[in-house]
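*Asks:* Pasting in a structure now, in structure tokens, and then I'll have a few things to ask.
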Amino acid sequence: MRSVQSSFALVLLTGSLVACGGATPPPAEPDPAEAEAAAPAEKAGGEASEEGAGKKKDDAAAEASKQVPTTCDQQDTMCLPPAAFVKRLCSGFYPDVALSLFAKGTPFTRGYLTRDTEAWNASGGSSSNDKLLFDEEVLILYRRVADTGGMVVSGAGGGYDVLRWDGTCASLMTEEVRLHVPPKPKYAPIPWKSLDQKTRDAFQADEKVGPLIAERRKECKGATMGAVTAKCEKVDKQMGAALIEYVRNGGSLPAPGPLP
């Protein structure tokens, strides 16, 4: 009998030991010092990630500003090219880029002269010796708002920087421009000799423009100013009008050469 009781007690003791040995120990409490040390590292990693994303965004914006824009910065009811692009554009002379901006389908706001006006460029870049003419079409690049310190000053209405069809920029007073399209807009002449060769090739390939270019070359013999024949002057104007019409009607042009 004692032997049976001893065996039974041994079984109970063994079972208890097995049960205790197989139990999962409770998780260890985190070390406060380690948690504090890890927190700054996680924060630094997050900040670095945000800085990296911000730099990529800035780089993308800078790269986009170097291309000919196709979307606009909206100011009131006006669709204007990005300011950074405009600054570079008006600091130089880019007639091929001007054609791309004036092309059919571009969203940028056009303006029209209310009077004949002397051409000057407040940005310091190239300006034309030719006056801007009444009803001349321009592309509005930048809106300048007069700073009157909160006072109402007669005539202090600000103005615009605009692009002409010849690729030059001009600075105008607000009252010198209107948005209403006149019956017969005028256009600054496109500077044929200043265009990139690829652009000239595209014009010459057109069945309507090409013959006028050839006729102008024949009649003017490379000259369009000074002592030229009446026939040269006539065909030069015809060719200029044909170039404008080609661009306005959506004629194909290559990507412009030098960019701002």
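*Asks:* So how do 113, 141 line up by other beta-carbon neighbours within 10 Å, fewest first?
*Replies:* Least to most surrounded, the residues fall as 113, 141.
*Asks:* Quick check on the exposure proxy: order 165, 192 from fewest to most C-beta atoms within 10 angstrom. Don't skip to the end; give the middle numbers.
*Replies:* Working: 165 25, 192 18.
Least to most surrounded, the residues fall as 192, 165.
*Asks:* Send over the Kirkwood Rh of region 73-248, from the inverse of the averaged 1/r over different Cα pairs, rounded to one decimal Å.
*Replies:* On the way: mean 1/r = 0.0577 Å⁻¹.
This gives a value of 17.3 Å.
*Asks:* Can you give the direction-averaged projected area of the convex hull of the alpha-carbon atoms in region 163-228, in nm²?
*Replies:* Details: hull surface 27.1 nm².
Over all viewing directions, region 163-228 projects a mean Cα-hull area of 6.8 nm².
*Asks:* While we're on this one: Contour minus end-to-end for residue 67 and residue 201, with contour as 0.36 nm per residue of separation and end-to-end as the Cα-Cα distance?
*Replies:* Details: separation 134, 0.36 × 134 = 48.24 nm, distance 2.22 nm.
Full extension from residue 67 to residue 201 adds 46.0 nm.
*Asks:* How big is the dipole moment of region 73-248 about its Cα centre under a simple scheme where the beta carbon of each Lys and Arg is +1, that of each Asp and Glu is -1, and everything else is neutral? Debye, nearest 20, please. It would help to have the intermediate numbers written out before the result.
*Replies:* On the way: 24 positive and 23 negative charges, 91 e Å.
Value, rounded to 20: 440 debye.
Where a number appears in this text, it was derived from the coordinates with a stated rule and is not lab data. Small disclaimer: the values here were computed from a predicted structure and weren't measured. Every residue, glycine as well, gets a Cβ built from its backbone with ideal geometry; the counts of neighbours run over all protein chains shown.
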